[in-house]
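What follows is a set of notes on a single structure, which appears directly below.
The values are calculated or read from the model by the stated rules, or taken from the named source; none is laboratory data. As the structure is a prediction and not an experimental result, all values here were calculated from the model. Reconstructed Cβ throughout: ideal geometry from the backbone, glycine too, with neighbour counts over all protein chains shown. These area figures cover heavy atoms from the full protein model, side chains too; ligands, DNA and RNA do not enter into them. Shrake-Rupley method; radii C 1.70, N 1.55, O 1.52, S 1.80 Å.
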Amino acid sequence: MNLPLSDLNGTDDSLSHELDQLHADPTTQLSLRCRRIALGIALVVSLTGAGVLAMSRLPLLPLMPANVALGLLLAGMTLALQSHSLIRLLPVRLLALCFAALVTLLGLAAVAHGLSLPGLGLDAFLSNLTLSVTGNPAIPMHPISAFSLVLTGTALLLQDVRTRQHHAPTEFIALSLAALNLVPLAGLAYQVGALADLGNAVPVPATAALAFFSLGTGLLLSQPSRSLMAIITDNVPGGQMLRRSLPQTLLVLVLLNWIISRGALLGLYGQPMVSPILTLLNSTVILVIFWRTAATVNDEYRARLQSASNLAEASSLLIAVSDNTDDQIFVKNREGKLIFANPATLRSLGKTRDEVLHHGSNELLSDPDEAAQIDRDDQRIMEGKVSATLEQTLHLSQGERTYSSTKAPWFDAHGQLLGLIGISTDISTRKEMERQLKQREAELEATISQRTAVLRKLGDHLESVREEEKRSIARELHDDMGASLTSLNMHLDSIYKALPDEPKWADKAERVRALVASLVATTRRIQIGLRPIMLDLFGLKAGIIEQLEEFEQRTGIVCKTSLPDDDVALPHKLEITLYRMLQEALNNVAKHAQASKVDVILDVDEDQATLTIRDDGIGIAPERISNQSTYGIRGLSERASFLGGTATVFANPVRGTTVRISLPAQL
């Protein structure tokens with residue numbers, strides 16, 4: 001384990017980042033939707049103002065004064081800019097402020113004209129401006145529209161202003177703007193002249209009232225996180241109830257009231273019946289809507305209670321697992337400070353929970369190097385955002401302990417890195433057992449090496465004894481048997497002369513001579529096999545040549561040699577070993593190879609002597625090379641290993657087999 005110690009140019013606020021957060025939580029999703037609606041309202045209002053200005057040059061009945069249309073165009077453009085992420089750029093923000101100031105000036109000029117205040121000649125300037133833009137004389141502006149322009153411009157100017165109590169004046173101004181224009185809209189809908197013109201000779205244009213009402217709504221929606229809108233956009237029961245019930249309640253009530261009023265105007269019933277009918281219907285609608293809303297809230301509340309119960313059960317299970325496991329479970333923040341540690345972690349550190357929480361590795365470990373290593377590992381895992389399993393030995397209050405730790409980065413629901421989670425297992429006992437096992441393996445290897453050296457010495461000694469015995473027998477064969485056979489042959493020659501000169505005795509004498517010659521040849525062959533005289537007298541080159549000549553005569557296999565030009569000066573023990581290994585290799589060729597030719601190559605340098613025997617036979621299967629029961633190949637390897645060399649057998653690329661023997665030139 002590694003113990004648990006272990007603003008304008010900012011792109012994070014851009015619209016792309018907000019879209020990435022769209023699925024993060026319902027509140028964020030609803031806020032983004034509100035901003036999009038506000039942007040749509042702003043574009044519609046801008047297009048309305050632009051359309052009215054364009055149509056005012058035609059000989060048609062104007063929908064609203066050109067000044068109002070110009071103000072709506074500027075206000076819509078300002079709201080569109082403020083609802084977009086580009087508002088965080090300083091040039092865009094300054095442009096929006098300029099548009100908002102122009103809207104405010106248009107409204108103030110209209111108000112001044114209505115109050116008969118000449119001001120600074122703004123009224124005449126605006127009249128001339130309107131005439132130049134529209135081509136028609138300016139029509140009078142209703143005071144409601146003038147005040148709406150002032151409210152709209154002020155709200156746009158104060159969009160980012162907050163009071164000390166964190167209230168937004170724009171919200172209250174937007175509500176006032178919507179309420180102010182709702183009055184003439186109601187008068188027009190219910191055909192009540194007193195509400196439609198509010199005592200003025202000029203009625204409020206329906207298009208202008210609807211546009212200003214929409215602007216008030218858009219101003220509220222453009223900042224959904226402000227205090228008033230947050231009540232609706234928040235993902236709590238109150239906000240959910242408002243979003244569910246308020247729109248349908250208002251829509252149903254308005255429709256019912258309009259229908260009942262139209263019925264009275266059409267004479268379906270008398271005016272005294274309007275109030276009782278509205279009271280009954282409105283009460284019924286409100287009762288039904290709020291009853292349904294209460295039922296929905298109750299269902300959600302029960303679902304949340306069930307979720308809370310499931311969460312509590314899962315938390316209880318996790319706590320039980322965390323508290324009763326011997327593995328150490330811990331959580332760190334991005335600064336490497338502990339924010340959670342289970343009892344096993346606390347026991348390993350020998351500290352209480354209060355002593356370890358919000359502390360780093362350097363505060364919890366006595367060895368600064370170990371703490372620094374843990375912090376480096378944790379930082380690497382958090383930066384790489386991939387889990388890892390680490391092993392580290394730490395010096396703690398209970399002694400030296402070794403831990404195997406699995407650590408993984410910790411992310412929130414938005415994919416932001418919060419810190420690191422780790423689970424550590426104490427493997428000190430296992431490591432100690434591994435250490436003991438390795439020590440025993442080392443001791444066993446030392447014992448095997450020692451016994452192998454003894455066995456090799458014994459084998460070498462036995463080989464020397466055997467060679468000496470062969471030499472002794474060969475000497476006896478040469479001295480005793482050779483002398484006896486020579487004497488026998490001399491005596492037989494005397495006897496041959498004494499025999500009668502007859503064919504039968506001549507034939508028998510010839511057979512006796514052949515038998516004696518065969519006996520001499522056999523004795524010589526046995527003598528050479530036991531101890532070659534040429535090897536003892538003239539060295540390895542002569543011994544190899546003699547052996548190959550005898551092998552070629554005996555088997556009929558053509559032998560070719562490649563020997564050093566200079567005399568070969570090798571220790572006698574090495575010469576006899578190479579000679580015997582050549583004998584073994586040639587015997588294998590005679591028995592198994594089915595070859596017609598054998599090449600023998602001897603290379604000797606200062607450090608190594610290499611003897612290569614290559615035939616053109618049927619080759620050798622790979623499984624026979626590794627077969628431990630093949631004593632010929634095994635014997636070659638053992639002989640070579642006695643002297644610190646190697647013997648390699650392999651099949652040739654085309655056909656045949658090669659035996660390569662390499663021995664150190666100096667023993």
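Please give the number of the condition Leu586 fails out of (1) touching a Phe, Trp or Tyr at 6+ places or on another chain (Cβ under 8 Å); (2) open to solvent by 20 Å² or more (accessible area, probe 1.4 Å). Every listed condition holds for Leu586 apart from (2). Listed by position, the helices (runs of 4 or more DSSP H) contained in segment 7-116 that have at least 2 residues being touching a Leu at 6+ places or on another chain (Cβ under 9 Å) and modelled with pLDDT of 80 or more are 26-55, 66-83, 90-114.
Taking the listed residues Val254, Val274, the one that is in a helix (DSSP H, G or I) and either open to solvent by 70 Å² or more (accessible area, probe 1.4 Å) or in contact with a strand residue (DSSP E or B) (Cβ under 8 Å, 6 or more places away or on another chain) (or both) is Val254, with no other qualifying.
Here's the yes/no breakdown for (1) open to solvent by less than 100 Å² (accessible area, probe 1.4 Å); (2) at pLDDT 75 or above; (3) aromatic (Phe, Trp, Tyr); (4) in a helix (DSSP H, G or I):
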residue	(1), (2), (3), (4)
Ile423	yes, yes, no, no
Val465	yes, yes, no, yes
Glu476	no, no, no, yes
Ser487	yes, yes, no, yes
Leu492	yes, yes, no, yes
Glu510	no, yes, no, yes
Leu515	no, yes, no, yes
Thr523	yes, yes, no, yes
Ile526	yes, yes, no, yes
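Once segment 425-445 is narrowed to residues that are open to solvent by less than 60 Å² (accessible area, probe 1.4 Å) and part of a helix (DSSP H, G or I), the residue that is nearest to Val331 (Cα to Cα) is Ser428. Figure legend. Inter-residue proximity from segment 428-449: first residues within 20 Å of Gln392 (Cα to Cα), second residues surrounded by 10 or more Cβ atoms within 10 Å (Cβ to Cβ) and aromatic (Phe, Trp, Tyr), beta-carbon distance below 9 Å, spacing 6+ or different chains. Indicated pairs: Ser428/Tyr403. For segment 144-175, a tally of residues being open to solvent by 50 Å² or more (accessible area, probe 1.4 Å) and at pLDDT below 85 returns 8. Examine segment 529-547 for a residue that is open to solvent by 30 Å² or more (accessible area, probe 1.4 Å) and on the phi > 0 side of the Ramachandran plot, and state whether such a residue exists. No, there is no match, as no residue in segment 529-547 is open to solvent by 30 Å² or more (accessible area, probe 1.4 Å) and on the phi > 0 side of the Ramachandran plot.
Among the listed residues Ser245, Ser227, identify the single one that is under 27 Å from His167 (Cα atoms), modelled with pLDDT under 75 and in contact with a His (Cβ under 9 Å, 6 or more places away or on another chain). Let's see the steps before the verdict.
Working: Ser245 fails: in contact with a His (Cβ under 9 Å, 6 or more places away or on another chain).
Exactly one of Ser245, Ser227 is under 27 Å from His167 (Cα atoms), modelled with pLDDT under 75 and in contact with a His (Cβ under 9 Å, 6 or more places away or on another chain), namely Ser227.
The set of residues in segment 411-420 being surrounded by fewer than 18 Cβ atoms within 10 Å (Cβ to Cβ) and touching a strand residue (DSSP E or B) at 6+ places or on another chain (Cβ under 9 Å) consists of Phe411, Asp412, Leu417, Leu418. For segment 345-364, the criterion of a residue being open to solvent by 30 Å² or more (accessible area, probe 1.4 Å), within 15 Å of Ile423 (Cα to Cα) and either among the hydroxyl-bearing types (Ser, Thr, Tyr) or in a helix (DSSP H, G or I) (or both) is satisfied by at least one position. One residue stands out among those in segment 549-583 that are part of a loop (DSSP other than H, G, I, E, B) and surrounded by 13 or more Cβ atoms within 10 Å (Cβ to Cβ): the one that is farthest from the chain's Cα centre (by Cα), which is Ile557.
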